[in-house]
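Undergrad: The structure is given below, and queries will be raised subsequently.
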Amino acid sequence: MDVKKKIEKLREEIRHHDHLYYGLDKPEISDQAYDKLFRELKELEAEHPGLVTDDSPTRRLGGEPLKAFKTVTHKTPLLSIDNVNSEAELLDFDRRVREGLGKDKIEYVAELKIDGLAVSLVYKKGKFIQGSTRGDGVHGEDITQNLRTVKAIPLSIKGSEGIEVRGEVYLPYDEFVKFNEARKDRDEPIFANPRNAAAGSLRQLDPKVTAGRPLDIFVYYGIVPKLKKHYETLERLKRLGFKVNPNIRVCEGIGEAWKYIQHWEKKREGLPYEIDGIVIKVNSLAEQDKLGFTARAPRWAVAFKYPPMQATTVVEDIKVQVGRTGAITPVAHLKPVHLAGVVVKRATLHNEDEIRRKGIKIGDHVRVQRAGEVIPEVVEVIKEKRTGHEKEFVMPKSCPVCGAKVFKPEGEAIARCVNFACPAQVMGRIIHFTTREAMDMEHVGPALVDQLVTKGHIKDAADLYSLTKEEIKQLERMGDRSAQNVIDSIKAGLDRPLDRLIYALGIRMVGKRTAQLLADNFHNIAELAEASAEKLSEVREIGPKVAEAIVDFFREKENKHFIEKLKKAGVKVKGLGTGGRGLGPLKGKTFVFTGGLEHYTRPAAEELVRQLGGSSSGSVSKKTSYVVAGTDPGSKYDKAKKLGVEVLTEAEFVRLIGKK
Ligand code: IVH
């Protein structure tokens, strides 16, 4: 056999086994046998680079990191579906369908509604050529490179007709849990739920990062020529090598569909992935056409949404946690219970008032709920199960970490530890300082800060800047390279924009948005520190309470000392000189970005505008000063043209801001 044929045959075989393994969950050969085939193909391709094609199984990971995603316009919009929450509403949907078609009984297809991210996959001449997110339904982001790394998506299919397939990319529960645990170990922020994790994974600019995340897909819709029923489409898709959910059923009439809904409401906890409801679709494609669409959704489909998942368990204890502002938060320690695929051991109780309002006592049986979040909440106490031995929770009078007094101001919900030097507060402040939104020290995470504080290397965030590589290398699990990464991350935190520094200081009531306003209106930290409450209140959107919190912060001797230390360490404490008094070169100008930029990510471009005194917005109006249009601009471009707003190319934008 000639080499070309041999290579093709190997690819066919590997695709077949990929489909059995990833698509049908029914492998026929051992992993070793599969690896052998794969190795053989790789070797042959290495010897004959001229024969490598883009759809080869060895080429899932072909692309280089992107600077930004391109925008794609969907050929047919990806509409959403109308939701219903009760049997009555479902029957109403059925009545509308029956009236629309003039029939008594409708054949429906019932499907699980997978809670992930909707994607569209376009195939031309049997090759996967484009994959995109739903976006606003009309324009999505081109994430082809990332979708190529999802093993259950075939890179090539039989047949040469062009087809478009839609489906839901998701992260299975157990992968989600493993993935979050690994992130915790590396001190990276964890994802709240599998859906966010899947979305975050697909929006990576570097496909190698996506490839490391075990994403999966179920396809549920295909634009395939010459078929009569939706269910036939699904069967065709399955034969072509796509993964179709095995629990899909054809239902005769709405009664059967309702039974399906009730069945899965009970069974959904046993599924290895998250679903948030059931989708009911009219099976006949001719009938779908006849019913058509409203402006936002098809008239032939409806989504029955399930309520959040609940379980009952026992509150074994209520303990408090101390945050960076000294805020004391009670947390319920629960008897471990399975809920939505994960074992739940803790629930947030927010504050003392919340405990009183819900009447929660230690020893109580409670109903807990997860609405897609990692940390569940207590919904209610099951009073019938009380024995009389339950104990009232008492807020501690002193801080459980440092023993200092706990103080709860009149009229406030939150009690606080008053000791500024409390180790829990110290740690919390330092961690806050290093986070992505603050000084963004990528390789400095909670576990590292914990060690540094406990071992006495640092007392505040300013001390980070004087750490040596040798000191860091002596910590647990720190090789030369990791230590260097830590040092580099800390250095990178020397000249962040002023708004980030203000946010990093952790002033009460000053979040990211307020920090930006302050940076827009003051030249530097010194000027901000001297500002009176009256002067601060002059800034738009800053009320008297926030102004007072800022004045209080800069009055504290410890904080003054901390800022001096930051200055000495070489942290940039100046803004770009906008000063909020018309000095910023872009003061008063509003920018809207559309399409892909070559030299900046969208957030970086927006930050640049802000640093120069301008502002950015997500939508175009008559007040917009400029629309910056990158490659494949979206509808904002058209709107700008219509309203006569000036449109800049990226090059013109770069010239305008003087950064050639
Ligand atoms: S049908 C025109 N089927 O739910 C057909 N959607 O649509 C529209 N979803 O974000 C979609 N599982 O991604 C359909 N089996 C399923 C689904 C499903 C999940 C998602 C879909 C979209 C949302 C509403």
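Undergrad: Roughly how tilted is helix 87-101, in degrees to the nearest 10 and between 0 and 90, from the longest Cα axis of the chain?
TA: Relative to the chain, helix 87-101 is tipped by roughly 40 degrees.
Undergrad: Which pairs break 19 Å Cα to Cα here: 158/238; 178/345; 124/226; 67/208; 589/636; 26/151?
TA: none
Undergrad: Would you calculate the convex hull of the Cα atoms in the stretch 544-660 and tell me its volume per residue in Å³? The partial results should precede the final answer.
TA: Working: hull volume 16.6 nm³, N = 117.
Value for the stretch 544-660: 142 Å³ per residue.
Undergrad: Next question. Counting Lys and Arg as +1 and Asp and Glu as -1, each charge on the Cβ, what is the dipole of the chain about the Cα centre in debye, to the nearest 20?
TA: Result for the chain is approximately 760 debye, rounded to the nearest 20.
Undergrad: I would also like to ask the following. Taking residue 266 as the anchor, which aspartates and glutamates have their alpha carbon closer than 19 Å to its alpha carbon, excluding any fewer than eight residues away along the same chain?
TA: Cα-Cα hits under 19 Å: 87, 111, 115, 256, 274, 276.
Undergrad: Compute the helix-to-body angle for 31-47: its Cα long axis versus the longest principal axis of the chain, expressed 0 to 90° and rounded to tens.
TA: For helix 31-47, the angle is close to 90 degrees.
Undergrad: Using the heavy atoms of the protein chains and a 1.4 angstrom probe, tell me the accessible area per residue for the stretch 147-273 in square angstrom.
TA: 46
Undergrad: Mind checking which lysines have their C-alpha under 24 Å from residue 105, skipping anything on the same chain fewer than 8 residues away?
TA: 113, 228, 229, 259, 281, 290, 305
Undergrad: Additional query: Go through the stretch 3-17 residue by residue and turn each phi into a ³J(HN,Hα) via Karplus (6.51, -1.76, 1.60, θ = phi - 60°); whole Hz please, and just put x for glycine and proline.
TA: Listing the rounded values in order: 4, 4, 5, 4, 4, 4, 5, 4, 4, 4, 4, 5, 4, 4, 6 Hz.
Undergrad: Next up: Could you tell me what % of all Cα pairs in the stretch 515-572 have separations over 18 Å?
TA: Of all Cα-Cα distances in the stretch 515-572, 33 percent exceed 18 Å.
Undergrad: If I histogram all Cα-Cα distances within the stretch 413-516 using bins 5 Å wide from 0, what percent of pairs lands in each bin?
TA: Calculated P(r), rounded to whole percents: 2, 13, 23, 23, 19, 11, 6, 3, 0, 0.
Undergrad: Also: Give the Rg/Rh ratio for the stretch 126-220, taking Rg as the radius of gyration of the Cα atoms and Rh as the Kirkwood radius, to two decimals.
TA: Reported Rg/Rh (Cα atoms, Kirkwood Rh): 1.00.
Undergrad: In terms of Cα to Cα distance under 20 Å, which aspartates and glutamates are near enough to residue 75, apart from those fewer than 8 places away along the same chain?
TA: List returned: 136, 141, 142, 161, 164, 168, 289, 632, 638.
Undergrad: Let me ask something else. Taking only Cα atoms of the stretch 439-572, what ratio of Rg to Rh do you get with Rh as the Kirkwood inverse-distance radius?
TA: My calculation of the ratio gives 1.03.
Undergrad: If I compute solvent accessible area with a 1.4 Å probe over the protein chains, what percent of it on the chain is carbon and sulfur?
TA: Heavy-atom surface of the chain belonging to carbon and sulfur, 1.4 Å probe: 51 percent.
Undergrad: Over the stretch 308-439, consider all pairs of different Cα atoms and compute the Kirkwood hydrodynamic radius from their mean reciprocal separation; express it in Å, one decimal. Can you show the working numbers first?
TA: Numbers: mean 1/r = 0.0628 Å⁻¹.
Averaging 1/r across every pair of different Cα atoms and inverting gives 15.9 Å.
Undergrad: Oh, and also: Would you kindly work out the equivalent ellipsoid of the stretch 40-90 from its C-alpha gyration tensor and give its semi-axes, the square roots of five times the eigenvalues, largest first in whole Å? Each step should come with its number before you reach the end.
TA: Working: eigenvalues 395, 62, 23 Å².
Equivalent ellipsoid semi-axes, largest first: 44, 18, 11 Å.
Undergrad: Right, something else. If one computes the Cα centroid of the stretch 519-548 and of the stretch 51-96, what distance in Å separates the two points?
TA: Here the answer is 46 Å between Cα centres.
Undergrad: Mind giving me the FRET efficiency for residue 105 and residue 85? R0 is 30 Å, r the Cβ-Cβ distance, nearest 0.05 is fine.
TA: 0.80
Undergrad: Report the equivalent ellipsoid semi-axes for the stretch 1-53 in whole Å, largest first, defined as the square roots of five times the eigenvalues of the gyration tensor built from alpha carbon atoms.
TA: Value: 22, 11, 9 Å, ordered largest first.
Undergrad: If the convex hull of the alpha-carbon atoms of the stretch 328-404 is projected onto planes in all directions, what is the mean projected area in square nanometres?
TA: Mean projected area of the Cα convex hull: 5.9 nm².
Undergrad: Still on this structure: Taking a quarter of the surface of the convex hull around the Cα atoms of the stretch 16-145, what do you get in nm²?
TA: Quarter of the Cα hull surface area: 13.1 nm².
Undergrad: Long-range amide H contacts for residue 380: which residues qualify at under 5 Å (H placed 1.01 Å from N, peptide plane, sequence gap of 5 or more or a different chain)?
TA: Those lying under 5 Å, H to H, from residue 380 are 367.
Undergrad: Taking all pairs of distinct Cα atoms, average 1/r, flip it, and tell me the Kirkwood hydrodynamic radius of the stretch 175-264 in Å to one decimal place.
TA: Here the Kirkwood hydrodynamic radius works out to 16.3 Å.
Undergrad: Can you give me the accessible area per residue for the stretch 364-447, using a 1.4 Å probe, in Å²?
TA: Here the residues of the stretch 364-447 average 55 Å² of exposed surface.
Undergrad: I need the P(r) histogram for the chain: all alpha carbon pairs, bin width 20 Å from 0 out to the longest distance, whole percents.
TA: That works out to 14, 40, 38, 8, 0, in percent per bin.
Undergrad: Over the stretch 196-333, consider all pairs of different Cα atoms and compute the Kirkwood hydrodynamic radius from their mean reciprocal separation; express it in Å, one decimal.
TA: Details: mean 1/r = 0.0519 Å⁻¹.
For the stretch 196-333, the Kirkwood estimate is 19.3 Å.
Undergrad: Go through the stretch 480-554 and name the GluC sites (Glu not before Pro) that are in a DSSP coil and have 10 or fewer other Cβ atoms within 10 Å of their Cβ.
TA: Taking the stretch 480-554 and a limit of 10 other Cβ atoms within 10 Å, the loop GluC sites (Glu not before Pro) found are 541.
Undergrad: How tilted is helix 253-267 with respect to the longest principal axis of the chain? Cα atoms for both, answer in degrees (0 to 90, nearest 10).
TA: 50
Undergrad: Dipole of the stretch 177-263 (Lys/Arg Cβ +1, Asp/Glu Cβ -1, origin at the Cα centre): which of 223, 255, 200 lies farthest to the positive side?
TA: With unit charges placed on the Cβ atoms, the residue in question is 223.
Undergrad: Determine the per residue accessible area of the stretch 61-114 with all protein chains present and a 1.4 angstrom probe, expressed in square angstrom. Mind dumping the intermediate values first?
TA: Values: 3020 Å² over 54 residues.
Heavy-atom SASA per residue in the stretch 61-114 reads 56 Å².
Undergrad: Starting from the stretch 527-569, pick out the trypsin sites (Lys or Arg not before Pro) whose DSSP state is loop and whose Cβ has at most 13 other Cβ atoms within 10 Å.
TA: Taking the stretch 527-569 and a limit of 13 other Cβ atoms within 10 Å, the loop trypsin sites (Lys or Arg not before Pro) found are 540.
Undergrad: List every residue whose amide H lies under 5 Å from the amide H of residue 616, counting only residues 5 or more places away in sequence or on a different chain, with H placed 1.01 Å from N in the peptide plane.
TA: The answer is 591.
Undergrad: Follow-up. Once Rh for the stretch 464-538 is found with the Kirkwood sum over Cα pairs, what is the Stokes-Einstein diffusion coefficient at 4 °C and 1.567 mPa s, in µm²/s?
TA: Once the numbers are plugged in, D ends up at 89 µm²/s.
Undergrad: Another one. For the stretch 111-169 and the stretch 223-247, what is the separation of their C-alpha centers, rounded to whole Å?
TA: Each part's Cα centre sits 14 Å from the other's.
Undergrad: Which percent, to the nearest 5, of DSSP beta bridges fully inside the chain are antiparallel?
TA: Around 85 percent of the beta bridges assigned by DSSP in the chain are antiparallel ones.
Undergrad: Now for a separate question. With θ taken as phi - 60° and the coefficients 6.51, -1.76 and 1.60, list the Karplus ³J(HN,Hα) couplings across the stretch 211-227 in order, rounded to whole Hz; mark glycine and proline as x.
TA: 4, x, 9, x, 6, 9, 8, 10, 9, 9, 7, x, 9, 10, x, 6, 10
Undergrad: Got a sec? Charge dipole of the chain, +1 on Cβ for Lys and Arg, -1 for Asp and Glu; which of 446, 286, 629 is way out at the positive end?
TA: Highest projection toward the positive end goes to 629.
The values are calculated or read from the model by the stated rules, or taken from the named source; none is laboratory data. Keep in mind it's a predicted model, so treat the numbers as computed, not measured. Quick reminder, even Gly has a Cβ in these numbers, built from the backbone with ideal geometry, and neighbours come from all protein chains shown. Accessible surface areas use protein heavy atoms only, side chains included; no ligands, DNA or RNA. Shrake-Rupley method; radii C 1.70, N 1.55, O 1.52, S 1.80 Å.
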